[in-house]
Amino acid sequence: MSDVPPAFGALRLPRSVLFGRGQRHALGSAAGKLGKRALLCTDERQAAQPEFHAMVADLQAHGLEVRVFDRTIPDLPIGSINACVEEMRGFAPDLVVGIGGGSSMDMAKVVAVLLTHGGDIRSYYGEFAVPGPVMPLIAMPTTAGTGSEVTPVAVVSDDERGVKVGIASPHLIPLVAICDPELTATCPPALTACSGADALTHAVEAYTTLARPADPMLTQDHVFVGKNLLSDHFARLAVDNIFRFLERAYRDGSDMEAREGLMLAALAAGCAFGTAGTAAAHALQYPVGNLTHTAHGDGVATLLPYVMQFNRPFCAPAFAELARTVGLSDAAEEDMSQAFIDAVADLLGRVNIPPSLAALGLKADQQDFVAENALNAARLVKNNPRPLDLPAMQSITRAAFSGERAALKSA
């Protein structure tokens, strides 16, 4: 009898995924098959772009009545969500389109839930709380990072509680994802780096999440099912492309081949973590982001090398596989796994991701608060390949604050 565990794979994805330069021109035709009254969720910057106005005209040319909500703001505070819902309730959209970064696409997801099912947004926190399908969703990213166009999760900021909270349900997966790398051409270098580093974190964490026994009820009981054959395929594609194209896109925003490769990486990373899930870097970023008011991508990427170092004893083979994926020289597994962690830290440094939590703006006396509150993100904590308790979280937080990754090598 072989001691190799049985093969298991799972994916939850949109009905249609369109990728490539110029694919934004399919929006009107795709939307016309799904509804008659389209609500577009975006932000002020995106709404001013000529490409956005062209997409509105395309929708109208295909017979849709269009309303635009362009006041989406980063981190998606509940007040802004409720404002959109109340403003658009009388319009009664039957289709929601999210165009922009992760917050705009998440706005579209959550607004679709509330316009379909009503109630208080807080009643949908956690996994499987959305009771049924929502009105059709189309997602169009204008950054190459979050992967929200293909994932079953939206993250909101609950200001009353002072926390970021995830809403996770397969019903949040858009019906159609349209990924046009030309829409990322105006991303400035810092946003390009932050977004690409977010995608790298998604891919690495998805590839190393805790693999669960292949129970037939696994996908019925968990939105995020852990490391598996199918999500691994997309995670490797994402990591490979990010190592090839992130620095190029950061150095030269007009390099459309790099923009294309990076958007494909973000899409693939979304396909990976949307099924497998993410882990400790994301759990720690929630309180870090709330305290420092820094971008999600910067936070998870700052934390990633430290989380990888902590997790290494439990996933050295996976890190070695990723090392080979990005072309690091073949060597012993232990050497390869450390080489990959070092390579990730080096790449992030070359695109100016903050090297420590202190550099991100966290105060020394906030470290324990971060460690304690990160444990509240149960869906992320349970995914980590190495068990997490308060001392473990504190060890990661302290190393990440000081910038001393070596402190975790013997942890």
Scan the range 348-357 residue by residue and report those that are crowded, with 20+ Cβ neighbours inside 10 Å and in a helix (DSSP H, G or I). 348, 357
So residue 363, is it modelled with pLDDT under 95 and open to solvent by 10 Å² or more (accessible area, probe 1.4 Å): no
The range 140-227: strands (runs of 3 or more DSSP E) wholly inside it with 2 or more residues that are touching a strand residue (DSSP E or B) at 6+ places or on another chain (Cβ under 8 Å) and surrounded by fewer than 24 Cβ atoms within 10 Å (Cβ to Cβ) are 153-158, 163-168
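Listed here are the residues, each with its yes/no results for (1) at pLDDT 95 or above; (2) open to solvent by 10 Å² or more (accessible area, probe 1.4 Å); (3) β-branched (Val, Ile, Thr).
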residue	(1), (2), (3)
243	yes, yes, no
277	yes, no, no
327	no, yes, no
330	no, yes, no
334	no, yes, no
Could you tell me whether any residue of the range 47-64 is open to solvent by 50 Å² or more (accessible area, probe 1.4 Å), within 22 Å of residue 22 (Cα to Cα) and of a type in the set (S, T, N, Q)? yes
Just checking, how many residues over the range 369-400 are open to solvent by less than 60 Å² (accessible area, probe 1.4 Å), part of a helix (DSSP H, G or I) and of a type outside the set (A, V, I, L, M, F, W, C)? 5
Which residues, counting only those in the range 26-77, are farther than 25 Å from residue 113 by Cβ, free of Cβ contacts under 8 Å to residues at least 24 places away in the same chain and not in a helix (DSSP H, G or I)? 48
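Residue by residue through the range 1-25, note down the ones that are touching a Leu at 6+ places or on another chain (Cβ under 8 Å) and open to solvent by 30 Å² or more (accessible area, probe 1.4 Å).
Within the range 1-25, 7, 8, 9, 11, 15, 16, 17, 19, 24 meet the criteria.
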All but one of (1) buried (at least 24 other Cβ atoms within 10 Å of the Cβ); (2) farther than 28 Å from residue 289 by Cβ; (3) among the small types (Gly, Ala, Ser) hold for residue 101; state the number of the condition that does not hold. (2)
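The values are calculated or read from the model by the stated rules, or taken from the named source; none is laboratory data. Every value quoted in this text rests on a predicted model; they were computed, and no experiment measured them. Note that we place each Cβ from the backbone using ideal geometry, even for glycine, and neighbour counts take in every protein chain shown. Protein only, heavy atoms only, side chains kept; ligands, DNA and RNA dropped before computing areas. Shrake-Rupley method; radii C 1.70, N 1.55, O 1.52, S 1.80 Å.
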